[in-house]
Amino acid sequence: MKIGCYARVSTQDQQTLPLQRDAIAAYAQQRGWSIVVTITEVGSGGRARPQRDHLMRAARRREIDAIVVWRLDRWGRSVVDLVSTLHELQELGVGFISLHEALDLTTPTGRAMAGLLAIFAQFEREILRERVKAGIAQARRHGRRHGRPPSVAQRAPDVQRLAAVGLSQVAIARQLGISRTSVRRFLRPAQDKSL
């Protein structure tokens, strides 16, 4: 079986990369599998992972039969991300093995565990959705606006005063720290009325 190995640490100073690579290599050797590609990545879970994307492309091209990781949290950014990538790998017929959790999606038991992960991912999405709704409702009860505050509306008197003394839209935007487009949109109705 041809496998791709994936190891990741969050910061450059973490020393677990060799540990992860060694554990995966020992696992592959024990089973007589050949390692086709080893990917190592340094970066936090929330950021883009170009090396992981490279490994996923190799899976899509059928260059590997399985992906082996040291721990699930090294692979997935969140439960939702984990489940979506595992689902894609399953659709491709590419196995996924996490050594620390003893999760092997090439076996029936492992596929059943993937189903449970999907349930937890859905639960995580619903909890997040409910938290957002509760936060919005709480803000409205206290009279606070929801969403991005209108920057020009808050500075309207300043924009009008500076426009009245002849400052350009660029100068007004720069002086007030708001976008030029916002200033232009705010001043346009007044200019249209004067025509």
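Throughout, read-outs are computed from the coordinates displayed, never taken from laboratory work. Everything quoted here is computed from the prediction, not taken from an experiment. Cβ atoms come from the backbone with ideal geometry, glycine included; neighbour counts cover every protein chain shown.
Order these peptides, 18-24, 155-161, by their mean beta-carbon neighbour count within 10 angstrom, highest first. Numbers along the way, then the final one.
Numbers: 18-24: 16.9, 155-161: 14.6.
With the highest mean Cβ count within 10 Å placed first, the list reads 18-24, 155-161.
Just for the chain, what percent of DSSP beta bridges are antiparallel, to the closest 5? Don't jump to the answer; show the numbers that get you there.
Details: 2 of 18 bridges.
Among the beta bridges of the chain, antiparallel pairing accounts for roughly 10 percent.
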Nearest 0.05, what FRET efficiency do ALA26 and GLU126 give at R0 = 45 Å with Cβ-Cβ as r? 0.70
So for each of 60-66, 140-146 I average, over its residues, the number of other beta carbons within 10 Å; can you give me the resulting order with the highest mean first? 60-66, 140-146
Taking a crude spin-label model, label points 7 Å out from Cα along the C-beta direction, the VAL165 to HIS54 distance in nm is 5.6
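Please give the peptides 163-174, 89-100 ranked by average Cβ packing (other Cβ atoms within 10 Å per residue), highest first, as a rough proxy for protection.
On the way: 163-174: 14.3, 89-100: 17.6.
By packing density, highest mean first, the sequence is 89-100, 163-174.
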So what's the net charge close to GLN175: Lys and Arg +1, Asp and Glu -1, counting the other residues with Cβ under 12 Å from its Cβ? +3
Explain nothing, just the number: relative contact order of the range 2-121, from Cα pairs under 8 Å at least 6 residues apart, as a whole percent. 26
Extension gain from THR107 to ARG77, taking 0.36 nm per residue of separation minus the Cα-Cα distance: 8.4 nm
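How many percent of Cα pairs in the range 34-170 exceed 22 Å? Walk me through the numbers on the way to the answer.
Details: 5277 of 9316 pairs.
For the range 34-170, the share of Cα pairs beyond 22 Å comes to 57 percent.
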So, in nm, how far is label GLU63 from label HIS100 when the simple model puts each one 7 Å beyond its Cα toward the Cβ? 2.7
Add +1 for every Lys or Arg and -1 for every Asp or Glu among the other residues with Cβ under 13 Å from the Cβ of HIS54, and state the total. +3
Can you check what the net charge comes to around SER98, using other residues whose Cβ is under 13 Å from the Cβ of SER98 (Lys, Arg +1; Asp, Glu -1)? 0
